[in-house]
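The structure under discussion appears below in the form of structure tokens.
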Amino acid sequence: MAKHSTSFTTLTVPQNVFLEAHLRGTDRTMTEAQASATYGIQNLRARVSELRDIGLNVKTVKTATGKTAYRISARDFSGSRAKVFA
């Protein structure tokens, strides 16, 4: 029987702070599976909803395999590029 180990990066900042810094204006995307496996974020949809609620412009895109991924625009809904979580 193969041993299954979970390997992910332990975040040292709150998940919303990390997601803003990692995705905002970078043209990177993140799926639920990537968030969970790589960063230990168990509920990406909830974090995305919180980011939208504070005014970030989060885009939903489909990957080539049909999975939902999220991207954050450099500008928020008011047009500002200022970081929300400073």
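One line per residue, one yes/no per condition, for (1) without any contact (Cβ under 8 Å) to a residue 40 or more places away in the chain; (2) of a type in the set (Gly, Ala, Ser); (3) on the phi > 0 side of the Ramachandran plot:
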position	(1), (2), (3)
SER49	yes, yes, no
LEU56	yes, no, no
THR60	yes, no, no
LYS67	yes, no, no
ILE72	no, no, no
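Out of ALA64, ALA69, I need the residue that is surrounded by 11 or more Cβ atoms within 10 Å (Cβ to Cβ) and of a type in the set (A, V, I, L, M, F, W, C). Which one?
On inspection, the qualifying residue turns out to be ALA69.
Return yes or no: is THR10 loosely packed, with under 14 Cβ neighbours inside 10 Å and part of a loop (DSSP other than H, G, I, E, B)?
Yes; evaluated as a whole, the condition is true for this residue.
Per-residue answers, yes or no, for (1) within 11 Å of THR29 (Cβ to Cβ); (2) at pLDDT 95 or above; (3) not in a strand (DSSP E or B):
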| residue | (1), (2), (3) |
| --- | --- |
| ARG45 | no, yes, yes |
| SER49 | no, yes, yes |
| ARG52 | no, yes, yes |
| VAL61 | yes, yes, no |
| GLY66 | no, yes, yes |
| ARG71 | yes, yes, no |
| ALA74 | no, yes, yes |
| GLY79 | no, no, yes |
| VAL84 | no, no, yes |
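What pairs can you find where one residue is in region 17-31 and surrounded by fewer than 20 Cβ atoms within 10 Å (Cβ to Cβ), the other is at pLDDT 95 or above and part of a helix (DSSP H, G or I), and their Cβ atoms are less than 6 Å apart, with a gap of 6+ or different chains?
Taking only residues 6 or more apart or on different chains, not a single pair turns up.
The values are calculated or read from the model by the stated rules, or taken from the named source; none is laboratory data. Nothing here was measured: the structure is a model prediction, and the numbers come from that model. Counting neighbours? That spans all protein chains shown, and the Cβs are built from the backbone with ideal geometry, glycine included.
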